[in-house]
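Heads up: the structure comes next, in structure tokens.
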């Protein structure tokens, strides 16, 4: 099939590369000239395990190309995916203006019948706006499909190639049949392709992310109460997570959720509810708990140092919002670092892949290190904000030797409290006794 994907950000690039890898000819289109030039050289710009190799392979085989000429991409393709950003507006709603600008370009460039698919996360009703926009600029027939993405950063390639389910929303059975054929190679193990109306597909994406965010805020709320009552959140988590009705996923206490999806989508759902006179009370609490979780860790650190933080050096391990990605959008580390800087703290930071992205936001206000142990020199405390794999079994003897004082604030509960006690560390974590 001949496909174009408009937007080469996280979702668009994985989508374009994934479809080309099974033999389709795919054109990735974007107005960002620097990004397109990088992609033409097989430089994916974003970090995602396995993406660079797949990108290079499909460019070399001639199945994948990139262009800034969006009308060209539309004209050359039968299937057109919209995968551009829907950033959060000041009032919390999702801004769909970029999606609608793309819809206009598609309409103006359309030279025959097409299938237009929206992969951008957008409020319920956006599909109808896309259709209306395209119809203003073309007399050609087209079918519209909502096809929300469910890609986890750090595992996006596997999620695309082996989806747990594919959700399709459309009024056109013809379009649904084409989409089923397109996705058939990815669901040979029997995973479902679920067909529904457009509005239900749009809501499915928001509902999924909001529910997962709710689990995270719930376990953090319980963890904070455990801390006050002397209970151990690790044991509580096991006690509830082994219930088959609940399960263990997304029940990890920590600094809260971040990234490009959960914070934005929760706020967008809250705004949708307000707009239609139906307050989303649970999600308002979810959002509030998530914001508080960062401050909870800062309060813990201030208490330990008796509010005497000025000119102290803190080492932070982990800048991205989760492991195996360089995405720092809504990352807890950024909130915490900014709070520390206001308190006069000096920051040494290390992340395996996200240093350069952090520099774009924090500039030279902190020091960046390419070795996790070098960042510890003279530090009064170590704060772990991302559960990167290389942090899980560090050289504790070396840590203790390098630091000014052996204090660890573990925002991801990756170390055992008794082991920390035995090694002589002052150790703070989420929902467990301090040692």
Check your understanding: Quick one: if you take sqrt(5λ) for each eigenvalue of the C-alpha gyration tensor of the chain, what semi-axes come out, biggest first, whole angstrom?
Key -> 42, 24, 20
Exercise for review: Find how many whole Å separate the alpha carbon centroid of the stretch 44-81 from the alpha carbon centroid of the stretch 346-383.
Suggested key: 34
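Rounded to the nearest 0.05, what FRET efficiency is calculated for residue 400 and residue 250 with R0 set to 51 Å and r the Cβ-Cβ distance?
Working: r = 33 Å, r/R0 = 0.65.
Calculated value: 0.95.
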Point to revise | Considering only the chain, percent of DSSP beta bridges that pair antiparallel, nearest 5 | key: 5
Check your understanding: To the nearest 10 degrees, how steeply does helix 262-275 sit against the main Cα axis of the chain, on a 0 to 90 scale?
Key -> 70
Check your understanding: Across the Cα atoms of the stretch 235-428, what radius of gyration and what greatest pairwise Cα-Cα distance (Dmax) are found, in Å?
Key -> 17.8, 58
Practice item. Would you work out if the stretch 2-196 is rounded, prolate or oblate? Take a ≥ b ≥ c from the square roots of the eigenvalues of the alpha-carbon gyration tensor; rounded if a/c is under 1.5, else prolate when a/b is larger than b/c, oblate otherwise. Key: rounded
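Quick check on the stretch 135-264: take the gyration tensor over C-alpha atoms, sort the square-rooted eigenvalues as a ≥ b ≥ c, and tell me if it's rounded (a/c under 1.5), prolate or oblate. Don't skip to the end; give the middle numbers.
Values: a/c = 3.18, a/b = 2.26, b/c = 1.41.
Prolate.
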Check your understanding: Between residue 129 and residue 338, what FRET efficiency follows from the Cβ-Cβ distance if R0 is 41 Å, with the result rounded to 0.05?
Key -> 0.70
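Which percentage, to the nearest 5, of the DSSP beta bridges contained in the stretch 2-196 is antiparallel? Walk me through the numbers on the way to the answer.
On the way: 2 of 28 bridges.
Here the antiparallel bridges make up roughly 5 percent for the stretch 2-196.
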Practice item. Determine the calculated [θ] at 222 nm for the chain from helices alone, applying -39500 (n - 2.57) to every DSSP H run no shorter than 4 residues and normalising by the residue count; nearest 500 deg cm²/dmol. Key: -13000 deg cm²/dmol
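Given a Förster radius of 30 Å and the C-beta distance between residue 276 and residue 158 as r, what FRET efficiency does 1/(1 + (r/R0)^6) yield to the nearest 0.05? Don't jump to the answer; show the numbers that get you there.
Working: r = 37 Å, r/R0 = 1.22.
So the FRET efficiency works out to roughly 0.25.
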Check your understanding: With each pseudo-label sitting 7 Å past Cα toward Cβ, what's the residue 136-residue 56 distance in nm, one decimal?
Key -> 4.5
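Quick note: the coordinates plus some simple rules give every number you see, no bench work behind them. Model, not experiment: these values are computed from the prediction. Cβ coordinates were reconstructed from backbone atoms using ideal geometry, including for glycine residues, and neighbour counts include every protein chain displayed.
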